[in-house]
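Novice: The following block contains the structure, expressed as structure tokens.
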Amino acid sequence: MKRILVTGGAGFIGSHLCTRLVNEGNEVICLDNFFTGSKKNILHLLDCHNFEVARHDVIQPYYAEVDEIYNLACPASPVKYQIDPIQTIKTSVMGAINMLGLAQRLKAKVLQTSTSEVYGDPFVHPQPEDYWGNVNPVGYRSCYDEGKRCAETLFMDYHRQNNVRIKIIRIFNTYGPRMLPHDGRVVSNFIIQALNNEDITIYGDGTQTRSFQYVDDLIEAMIRMMATEDSFTGPVNIGNPREFTILQLAEKVINCVGSKSKIVFKPLPHDDPKQRKPDITLAKEKLNWEPTVLLDQGLPKMVEYFKEFVL
Ligand code: NAD
Ligand code: UDP
């Protein structure tokens, strides 16, 4: 069994990852500053002998003896990461430096959760890993996009210069239970609005696209990526290649909930990418992985989870 550090472990994805790793018998440390994470997400793990929580900010160095590090600490919702953009970019950049330094000292493997946002508003569609992207360096999303791009650079340079054992995955839009109901991301927003029979707020005309991955598929890919041989660093895209317009998503959510909600249109946020869909050829080849959960299967699970928040 391994000793594993999960930064951002009390967040949406981190809590699912911690659960899987604890259930497999590993010793897991969940490090989190609880900015967007919550104790409720990890409540079911608190009594496990092989799980512990460290309240800590990855901007500060952290020391623990571990074999593997999954670096997830960073708010992922555009609404949340723009509340304190300086903290957001520090989290990505200084968090990466601190976790890479720790991995180097311990000769541990470290996996970075990068993002499809490194492709920005892409000119190439679908996006393969060798596309360098189209990112605004001075916009409202830059604290997140450029922070994640710089973190990728740091990972590659620590690997090339210091032989650190790194893995980089680029995660595309992921949804599922334990997302914060009011964190501003589209799937959670639409489901809460539909359950309350409130207007469904589409930003722009709803023709922009995203490809939605259910969280269980992502966790499987993360475990497989960590287990690959050291020579494979990534970056590798992890996402569901089925692409939907935001308007299609709104209609699916209304049908799934059986809601009386009406669709309304609101202004598009700054630098909102027009299209996004992963090319997952590399993940299929290197991880023998592809997503298995359809949007029509994942949405009802999330609706069930969110029902308790609207009563
Ligand atoms: P989340 O906001 O639910 O979780 C992030 C966690 O990191 C939270 O628990 C938060 O409290 C913690 N955190 C934030 N800043 C921190 C800091 N300075 N020190 C310690 N902890 C800190 O988001 P998520 O959806 O679970 O995303 C997890 C990771 O996956 C993020 O790095 C995100 O960029 C990446 N990602 C997510 C998606 C997605 O669709 N969910 C897509 C691409 C990439
Ligand atoms: N969006 C929307 N209504 C909402 C929330 C989001 O139309 O209530 C749109 C948003 O403008 C974007 C897409 O849905 O085009 C995905 O937004 P999200 O914040 O979930 O993720 P990201 O933009 O980072 O992919």
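Novice: Quick one: which of 274/307; 39/80; 39/252; 167/284 span more than 20 angstrom between C-alpha atoms?
Specialist: Details: 274/307 31 Å; 39/80 18 Å; 39/252 31 Å; 167/284 16 Å.
With Cα atoms farther than 20 Å apart: 274/307; 39/252.
Novice: What is the Cα centroid distance between the range 32-71 and the range 161-181, reported in whole angstrom?
Specialist: 16
Novice: Please list, in chain and number order, the residues 5+ apart from residue 53 or on another chain whose amide H is under 5 Å from its amide H, with Hs placed from the backbone.
Specialist: For residue 53, the qualifying residues are 30.
Novice: State which helices in the chain qualify, where a helix is a whole DSSP H run, it must extend 30 Å or more along its own axis by its Cα atoms, and its mean Kyte-Doolittle hydropathy must be at least 0.0. Don't skip to the end; give the middle numbers.
Specialist: Numbers: long enough: 85-106 (31 Å, 0.59).
Correct list, ordered by number: 85-106.
Novice: In addition: Expressed as cubic angstrom per residue, what is the convex hull volume of the alpha carbon set of the range 129-241?
Specialist: Working: hull volume 16.3 nm³, N = 113.
About 144 Å³ per residue, rounded to a whole number.
Novice: Probe radius 1.4 Å, ligands and nucleic acids left out: which of 48, 30 has the largest accessible area, and how do the rest follow?
Specialist: Largest accessible area first, the residues go 48, 30.
Novice: Quantify how much of the Cα-Cα distance distribution of the range 198-311 extends past 23 Å, in percent. Intermediate results must be reported in sequence, preceding the final value.
Specialist: Values: 2745 of 6441 pairs.
Counting pairs separated by more than 23 Å, the tail of P(r) holds 43 percent.
Novice: Next up: Assign unit charges at the C-beta atoms only (+1 for Lys and Arg, -1 for Asp and Glu), then state the dipole size of the range 72-186 relative to its Cα centre in Debye, rounded to the nearest 20. Walk me through the intermediate numbers first.
Specialist: Details: 14 positive and 10 negative charges, 116 e Å.
Charge dipole of the range 72-186: 560 debye, to the nearest 20.
Novice: Assuming R0 = 25 Å, can you tell me the calculated FRET efficiency for the pair residue 242 and residue 24, based on Cβ-Cβ distance, to the nearest 0.05? If you can, show how the numbers build up before the last one.
Specialist: Values: r = 29 Å, r/R0 = 1.15.
Efficiency, rounded to the nearest 0.05: 0.30.
Novice: Can you send over the carbon and sulfur percentage of the accessible area for the range 6-150, probe radius 1.4 Å, protein chains only? Working shown, then result.
Specialist: Details: 3380 of 6060 Å².
Summing carbon and sulfur atoms, their accessible area is 56 percent of the total for the range 6-150.
Novice: Now, a different point. Please get the size of the charge dipole for the chain, origin at its Cα centre, with Cβ charges of +1 on Lys and Arg and -1 on Asp and Glu, quoted in debye to the nearest 20.
Specialist: Computed about the Cα centre, the dipole is about 160 debye.
Novice: Taking trypsin sites (Lys or Arg not before Pro) that fall in a DSSP loop and have at most 15 other Cβ atoms within 10 Å as cut points, what is the longest piece of the chain between them?
Specialist: 108-241
Novice: Still on this structure: Please give the per residue accessible area of the chain, computed with a probe of 1.4 Å over protein heavy atoms only, in Å².
Specialist: Numbers: 13650 Å² over 311 residues.
On a per-residue basis, the chain sits at 44 Å².
Novice: Taking 7 Å along the Cα-to-C-beta vector as the label spot, tell me the residue 205-residue 105 distance in nanometres, rounded to one decimal.
Specialist: 5.5
Novice: Based on the alpha carbon coordinates of the range 21-178, what radius of gyration and maximum Cα-Cα distance (Dmax) apply, in Å?
Specialist: Every Cα atom of the range 21-178 included, Rg and Dmax give 16.1, 49 Å.
Novice: Where does the chain land at 222 nm, in deg cm²/dmol rounded to the nearest 500, when only DSSP H runs of n ≥ 4 count, each adding -39500 (n - 2.57), divided by all residues? Intermediate values should be presented prior to the final figure.
Specialist: Working: 10 runs with 120 residues, N = 311.
Result for the chain: -12000 deg cm²/dmol, rounded to the nearest 500.
Novice: Restricting to Cα pairs below 8 Å that are 6+ residues apart, what does the relative contact order work out to for the chain? Please round to a whole percent.
Specialist: Details: 635 pairs, mean separation 54.5, N = 311.
Computed value for the chain: 18 percent relative contact order.
Novice: Suppose R0 equals 35 Å; then what is the FRET efficiency for residue 63 and residue 286 from their Cβ-Cβ distance, rounded to the nearest 0.05? Walk me through the numbers before you get to the answer.
Specialist: Details: r = 32 Å, r/R0 = 0.91.
Here the calculated transfer efficiency is 0.65.
Novice: Can you pull out the GluC sites (Glu not before Pro) in the range 233-311 that DSSP calls coil and that have at most 14 other Cβ atoms within 10 Å? Kindly include the intermediate steps, with their values, before the conclusion.
Specialist: Details: sites: 243, 251, 285, 304, 308; in loops: none.
Answer by residue number: there is no such site.
Novice: Same structure again: Working out 0.36 nm times the residue gap between residue 309 and residue 150, then minus their Cα-Cα distance, what length gain in nm do you get to one decimal? Kindly include the intermediate steps, with their values, before the conclusion.
Specialist: Numbers: separation 159, 0.36 × 159 = 57.24 nm, distance 3.66 nm.
Residue separation times 0.36 nm, minus the Cα-Cα distance, leaves 53.6 nm.
Novice: Let me ask you something else. At 0.36 nm per residue, minus the direct Cα-Cα distance, what do residue 79 and residue 136 gain on full extension? Give it in nm, one decimal, please. Present the calculation step by step, with values, prior to reporting the outcome.
Specialist: Working: separation 57, 0.36 × 57 = 20.52 nm, distance 1.75 nm.
The residue 79-residue 136 span can extend by a further 18.8 nm.
Novice: With a/c under 1.5 counting as rounded, go ahead and sort the range 269-311 into rounded, prolate or oblate using the C-alpha gyration tensor (a ≥ b ≥ c being the square roots of the eigenvalues; past the cut-off, prolate if a/b is larger than b/c, else oblate). Walk me through the intermediate numbers first.
Specialist: Details: a/c = 3.65, a/b = 1.40, b/c = 2.60.
It is oblate, given that a/c is not under 1.5 and a/b is not larger than b/c.
Novice: Measure of size requested: the Rg and Dmax of the range 1-87, with Cα atoms as the atom set and Å as the unit; please supply both.
Specialist: Calculated on Cα positions, Rg and Dmax stand at 12.6, 39 Å.
Novice: Which of the chymotrypsin sites (Phe, Trp or Tyr not before Pro) across the range 32-74 are loop residues per DSSP, with 10 or fewer other Cβ within 10 Å? Each step should come with its number before you reach the end.
Specialist: Details: sites: 34, 35, 51, 62, 63, 70; in loops: 34, 35, 62, 63.
In loop regions of the range 32-74 (DSSP not H, G, I, E or B), the sparsely surrounded chymotrypsin sites (Phe, Trp or Tyr not before Pro) are 63.
Novice: In whole Hz, what ³J(HN,Hα) sequence does the range 60-77 give by Karplus (6.51, -1.76, 1.60; θ = phi - 60°), x for Gly and Pro?
Specialist: Couplings: 9, x, 9, 10, 7, 8, 9, 9, 9, 10, 9, 9, 10, 4, 2, x, 10, 7 Hz.
Novice: Work out, in µm²/s and without decimals, the Stokes-Einstein translational diffusion coefficient of the chain at 25 °C, 0.890 mPa s, Rh from Kirkwood over C-alpha pairs.
Specialist: Numbers: Rh = 19.6 Å.
Approximately 125 µm²/s, per Stokes-Einstein.
Novice: So which chymotrypsin sites (Phe, Trp or Tyr not before Pro) in the range 219-273 pass both tests, a DSSP loop state and at most 16 other Cβ atoms within 10 Å of the Cβ? Working shown, then result.
Specialist: On the way: sites: 232, 244, 265; in loops: 232.
Listed in order of number, the matching sites are 232.
Novice: If you don't mind, another one. Would you mind calculating the relative contact order of the range 191-311 from Cα pairs under 8 angstrom and at least 6 residues apart, reporting the percent as a whole number? Please report the intermediate quantities before stating the final value.
Specialist: Working: 164 pairs, mean separation 52.7, N = 121.
Reported relative contact order: 44 percent.
The values are calculated or read from the model by the stated rules, or taken from the named source; none is laboratory data. Everything quoted here is computed from the prediction, not taken from an experiment. Ideal geometry is used to build each Cβ from the backbone, glycine not excepted, and the neighbour counts take in all protein chains shown. These area figures cover heavy atoms from the full protein model, side chains too; ligands, DNA and RNA do not enter into them. Shrake-Rupley method; radii C 1.70, N 1.55, O 1.52, S 1.80 Å.
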